[in-house]
Amino acid sequence: MAMSERRDCEGYRTWERGRTFDDEASCSVSRRGVLIVTAIGALGWLGRRSALAQLAVAGGPREGNAFVMLFLRGGADGLNLVAPYGEDAYYRERPSLAIAPPRDGRTATANRLLDLDGFFGLHPSMGAILPLYEAGTLAVLHAVGSGDRSRSHFEAMAAMERGLYRNPHSLPSGWMARFLEATPARSNSPLRAVAMGATTPDIVRGASHATTIPSLDRYRISSPLKDLSSDAFVEALGRLYANGPDEVGQAGAETLHVLKALNRLDPAAYRPEGGADYPPTDVGQAMRQVAMLLKADVGVETAFVDKDGWDTHVAQGATEGWMTGLSSELALTLRAFVDDLGPARMQRVNVVVMTEFGRRLRENQGLGTDHGRGSFAFVLGGGVRGGRVIADWPGLEPTQLEEPGDLRVTTDYREVLAEVLETRMGLADPSSVFPGVGRARRGLIG
């Protein structure tokens, strides 16, 4: 996209297929090779022929729901986040890590599990989301996972982001990308799917209307020319691409449209609603920006946020330490997101929290836990029949475990996702997104 330098614009020919410029500002903008390169260079899409066309935001989306995936990388310990305190084996195999049951009078209240249903208890650091469970807008699932038995983070994460039960290398595209292809777009926004982070995750690979966003504060239109203000720069770009008859001209105008929309979103000035208080952490701020995008009506239908650090091999802690800090951050983030959007908006939004696998039942010599199999999931938001733990519970006795001592997976994670996408996001054929997924449903959505 480099342009040769000229001292005048007469007959100037650029990559815009012969478009000429009849005013000094537009000529200056083009001659110095800035144009859209300056405006969206950070997006990294300029190497693709259709990239600019994909930057269109044709107004706000039609009325519809949104789906947010929060993925916990590292293998979160579902046996402590949602602890089966009704199992003797839980306490027998975790002498230093098990958390006291809800009514244990020998233990301070702050260090006891938060009772969910008389058998399972929520980690005491996650009290911020207990009201969501009690209000029936949060459902908890247990013994959830994939069929990948490698216990490798990379293999297990790849399988789940590609929407496969196992064998993650059999399909290169991500399930969120296939979802976009399988459902009619409510707009032609490149923000139909957003992934918050510095690198593009597997879950959106192959999507033509997906954007990876490190931070919204990087998306600003500013003039690269000392003698041209930002407003004049934008105006010049608008004239340059106004009513362009060709694909590039239309794409240029559409690019400006989406950048102007993003330019209005100022994370520093954003004030969450409903008394929401997001943690000042990476995941807290990522979910805060997802809330901003959903409120701005810029076409977001699906969003992906991840949080690493859940690989608790050593010094995991029971009610203090590494695990407690992570679980508290997770709960505070979810609660802030729900409070920020408010009841009416949350009726149109669903959040699913998952991890690639759980941890081994028996604690190790480092007072942590090793890679396991089954773990937990949260589903919250509009239409959710919550206030219950949904589990085909396999048990924790030695004969009930999967070798070498792991909670068995009895719920295919894809069936959870398929149920939400089918009932809330208009997915007609879940098998087009999750090849070979079963038809079992857990009654998650009412």
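Here are the numbers:
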| read-out | value |
| --- | --- |
| Cα centre as origin, Lys/Arg/Asp/Glu Cβ charges: segment 125-232 dipole, Debye | 240 |
| Residue-span extension gain [residue 364 to residue 246] - 0.36 nm each, minus C-alpha spacing | 36.1 nm |
| Gain upon complete extension [residue 198, residue 96; 0.36 nm per residue less C-alpha separation] | 33.0 nm |
| Charge dipole of segment 57-216 about the Cα centre (unit charges at C-beta), most positive-ward option of 109, 67, 132 | 67 |
| Label point distance in nm, residue 149-residue 215, each placed 7 Å from Cα along Cα→Cβ | 4.5 |
| In order through segment 321-336: 3J(HN,Hα) via Karplus (6.51 cos²θ - 1.76 cosθ + 1.60), integer Hz, x for Gly, Pro | x, 3, 4, 5, x, 5, 5, 5, 4, 4, 5, 5, 5, 4, 5, 5 |
| Positive dipole terminus of segment 362-446, leading residue within 443, 399, 411 (C-beta point charges) | 443 |
| Relative packing of peptides 115-128, 132-145, 66-79 - highest average C-beta neighbours within 10 Å first | 66-79, 132-145, 115-128 |
| Inter-label distance for residue 428 and residue 269, nm, one decimal - labels placed 7 Å from Cα along Cα-to-Cβ | 4.3 |
| Packing-based ranking, highest mean first, of 418-427, 399-408, 374-383 given that Cβ atoms within 10 Å are counted | 374-383, 418-427, 399-408 |
| When segment 134-217 is reduced to its Cα atoms, the Kirkwood hydrodynamic radius in Å | 14.5 |
| Geometric extent, Cα atoms of segment 375-438 - Rg, Dmax (angstrom) | 14.5, 42 |
| Modelled label reach - residue 385, point 7 Å along Cα→Cβ, segment 349-379 residues with backbone N closer than 17 Å | 379 |
| For segment 244-397: relative contact order, % (alpha-carbon pairs under 8 angstrom, 6 or more apart) | 21 |
| Label-reachable residues, segment 366-410, where backbone N falls under 15 Å from a point 7 Å from residue 322's Cα toward its Cβ | 366-372 |
| Efficiency of FRET from Cβ geometry, residue 239 and residue 167, R₀ 51 Å, rounded to 0.05 | 0.45 |
| Rounded FRET efficiency, nearest 0.05, which uses the C-beta distance separating residue 281 from residue 229 and R0 of 30 Å | 0.25 |
| Spatial separation of Cα centroids for segment 416-439 and segment 146-218, in angstrom | 15 |
| Sequence-distant lysines (8 or more away, or on other chains) whose Cα lies within less than 22 Å of residue 295 | 260 |
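Every read-out reported here was derived from the displayed coordinates using simple, explicitly stated rules and does not represent laboratory data. As the structure is a prediction and not an experimental result, all values here were calculated from the model. Positions of Cβ are backbone-derived with ideal geometry, glycine not excepted, and every protein chain shown enters the neighbour counts.
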